[in-house]
1. Let's see if you can work this out: charge +1 on each Lys and Arg Cβ, -1 on each Asp and Glu Cβ, no other charges. What is the dipole magnitude of the range 75-210 about its Cα centre, in debye to the nearest 20?
2. Based on alpha-carbon atoms only, what is the radius of gyration of the range 13-98 relative to the globular estimate 2.2 N^0.38 Å?
3. Under a plain spin-label model, where a point goes 7 Å from the Cα along Cα-to-Cβ, how far apart in nm are Leu169 and Ile43?
4. Could you pull out the pairs from Lys19/Lys44; Lys7/Lys31; Lys44/Lys73; Lys7/Lys32 whose alpha carbons sit more than 28 Å apart here?
5. Work out the P(r) tail for the range 1-59: percent of alpha carbon pairs separated by more than 14 Å, whole number.
6. Count charges around Thr12 for me, please; just the other residues with Cβ under 13 Å from its Cβ, Lys/Arg as +1, Asp/Glu as -1.
7. Report the FRET efficiency, 1/(1 + (r/R0)^6), for Arg122 and Val96, where r is their Cβ-Cβ distance and R0 is 22 Å, rounded to 0.05.
8. Starting from the Kirkwood Rh over alpha-carbon pairs, what translational D in µm² s⁻¹ does the chain have by Stokes-Einstein at 25 °C and 0.890 mPa s?
Amino acid sequence: MHDMQIKIPLDTGREIFDKPDEFSMISVKAKKGFEPSDVAEDIKEKLRKHRHVKEGEEDFSVETAANAIATFKSILSMVQAVLIGIAAISLVVGGVGITTTMYTSVLERTRQIGVMKSVGARNNDILMIFLVEAGLLGLVGGAIGVAIGLSLSKGLEFILVNFFDFDLLKPYVSWWLVLGALSFSFLVGCISGFIPARRAAKMNPVDALRYR
């Protein structure tokens, strides 16, 4: 279990550790109707008087659950910022890769484009063919990313539970989140492949048939 605490009577602890007058921490529970922040300020004031120190020169600290939550949120925000930065870089690199791949695909299939146009394919038809292809490339990349992310999170959970006996962190993945990620990957692929697809749609069929 993640609860590693052992509670013993105060007198027993003083006897075991031979520290009759030392306290490393004191937990206080506010009564109903009292604001924890107000109680914390009263405690600070009384401790200043008891220790004969001025405000700002305290040799102690008083923390509330709100302080702990604020600290946790700040750490979480930093982690999220780092992850968002990594995701943004990955999107840019992936988008450039899809654009390059689609440009190559358009060049290699120039004669096919000319044939399709000569038998009646419209510009919109060519555009949609290449847009869907680019979207599928993005979808495949997104699916690989989701699979890797799920594997890493489940693997980390397995290691923490089985080797460190720590079960506080349990990854939860919503299927709506997975579908949203895959849809976004498809959209990114379509956006990245739009310029090459538009170039293919605007080709002159005669010039495309002559391309070697």
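No value in this document is a laboratory result; all are computed from the given coordinates. No experiment lies behind these values; they were computed from the predicted model shown. Using ideal geometry, Cβ is built from the backbone for each residue, glycine included, and neighbour counts are taken over all protein chains shown.
1. Values: 10 positive and 7 negative charges, 158 e Å.
Charge dipole of the range 75-210: 760 debye, to the nearest 20.
2. 1.87
3. It works out to 2.8 nm between the two label points.
4. Table pairs above 28 Å Cα-Cα: there are none.
5. Values: 1218 of 1711 pairs.
Within the range 1-59, distances greater than 14 Å cover 71 percent of Cα pairs.
6. Values: positive: Lys7, Arg14, Lys19; negative: Asp11, Glu15, Asp18.
For residues surrounding Thr12, the net value is 0.
7. Details: r = 29 Å, r/R0 = 1.32.
Step by step, r from the Cβ atoms, then E = 0.15.
8. On the way: Rh = 23.9 Å.
Answer from the Stokes-Einstein relation: 103 µm²/s.
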